[in-house]
Amino acid sequence: MAEKQTAMTEAVYYILLSLQKPNHGYGIIQDTMDLTAGRLELGAGTLYGAINTLLDKEWIRLYSEDKQSRKKKQYIITEDGKWMLRQEMKRLNELLENGKRMLGQEIISEEAVKMEVEPQEDAFKQETTVTAGAGKGVANEEVQVVF
């Protein structure tokens, strides 16, 4: 029986990707922003919490520390971290392949996925006409409501 693997958080995944070469916290944030085209911005709390966890698991190690000025630390991925990253990539690929197989599609284009996942702005626009004041002595007033 195959050993169960728990999913890696997106933050941990991108931190490990960013540490293929020595890097510091701000560099990891920048790499993640670049890799995700700005979709994911790691906050300092998330970043340093994950770094401490990864250090404890020995998936990364301290590469260097500038003890002068700001005490900037650089980290790098370990062999265990590289192995875990490869396992996560296999898991993610399996998810994607199973999704394609179940949807009966060889390739899901980014545009098709975008159109299905992100509703068009006008899809929720609805116009309603409300007639108010239809009673005695009150003029009828039509109000168009768009939501």
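Could you list, in sequence order, the residues of region 38-90 that are in a loop (DSSP other than H, G, I, E, B), open to solvent by less than 60 Å² (accessible area, probe 1.4 Å) and touching a strand residue (DSSP E or B) at 6+ places or on another chain (Cβ under 9 Å)? Selection gives TRP59, THR78.
Of the listed requirements (1) more than 14 Å from the chain's Cα centre (by Cα); (2) farther than 14 Å from MET84 by Cα; (3) not small (Gly, Ala, Ser), ASP34 misses just one: (1).
Only residues that are assigned to a loop (DSSP other than H, G, I, E, B) and either open to solvent by 30 Å² or more (accessible area, probe 1.4 Å) or among the hydrophobic types (A, V, I, L, M, F, W, C) (or both) were counted across region 11-37, and they come to 6.
Evaluation of THR6 against the conditions (1) surrounded by fewer than 14 Cβ atoms within 10 Å (Cβ to Cβ); (2) in a helix (DSSP H, G or I) shows that the sole unmet condition is (2).
The values are calculated or read from the model by the stated rules, or taken from the named source; none is laboratory data. The structure displayed is predicted, hence computed values, not measured ones. Because the Cβ atoms are built from the backbone with ideal geometry, glycine has one as well, and the counts that use them run over all protein chains shown. Please note that ligands, DNA and RNA were not included when accessible areas were found on the heavy atoms of the full protein model with its side chains. Shrake-Rupley method; radii C 1.70, N 1.55, O 1.52, S 1.80 Å.
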